Amino acid sequence: MKLFNVIISKKDSADSYKTKAEALYQVGAIELKKERINLAKNYLDKAYFISNRNNNIEEKSKIVLALSKVYEKQLNYKKTNELLKQHIRLKDSISKLDALKIGVEDFKTFKNIERLKSIEQLDKEN
């Protein structure tokens with residue numbers, strides 16, 4: 001916990017957003033496990049705010065899921081449901097981005113194969 005608190009207390013900067021959001025998330029998750037719901041909510045809300053700044057969808061997704069558990073513990077099922085829907089939308093976005101990455105890798109592989117074929121064809125002609 002001490003290390004997380006050191007990270008959390010650092011001044012906000014573009015470089016610290018990712019680690020600070022992660023530290024806040026981790027402390028929030030620990031507080032949630034200890035059933036200190038209000039503390040967990042405070043840390044997770046801060047983590048969510050920072051994750052919006054650095055636009056890390058994966059991080060935001062896990063924070064939203066943890067926040068849904070907080071609201072479930074508070075018996076606020078409407079908010080829990082909203083957050084779970086948001087979590088699913090974020091996961092879908094991640095899946096789409098991953099599919100695009102796979103598409104890019106496949107394209108690179110295809111281009112490399114085409115280059116090799118061109119080189120082989122030039123070798124045969126010479």
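Using heavy atoms of the protein chains and a probe of 1.4 Å, the accessible area assigned to LYS96 is about 140 Å². Which percent of the accessible area of region 32-86 is formed by carbon and sulfur heavy atoms (probe 1.4 angstrom)? Answer for region 32-86: carbon and sulfur cover 49 percent of the accessible area.
Count the net charge of all other residues whose Cβ sits under 11 Å from the Cβ of ALA29, scoring Lys and Arg as +1 and Asp and Glu as -1. All intermediate terms of the calculation are to be shown ahead of the outcome.
Values: positive: LYS33, LYS34, LYS62, LYS69; negative: GLU22, GLU31.
Residues close to ALA29 contribute a combined charge of +2.
Plugging the Kirkwood radius over Cα pairs into Stokes-Einstein for region 22-123, at a temperature of 20 °C and a viscosity of 1.002 mPa s, what D comes out in µm²/s?
Working: Rh = 15.8 Å.
Value of D from the Cα-based Kirkwood radius: 135 µm²/s.
The values are calculated or read from the model by the stated rules, or taken from the named source; none is laboratory data. Predicted, not measured: the structure shown is a model, and the values here were computed from it. As a convention, Cβ positions derive from the backbone with ideal geometry for all residues, glycine included, and neighbour counts pool all protein chains shown. Remember, those area values only see protein heavy atoms, side chains included, never the ligands or the DNA or RNA. Shrake-Rupley method; radii C 1.70, N 1.55, O 1.52, S 1.80 Å.
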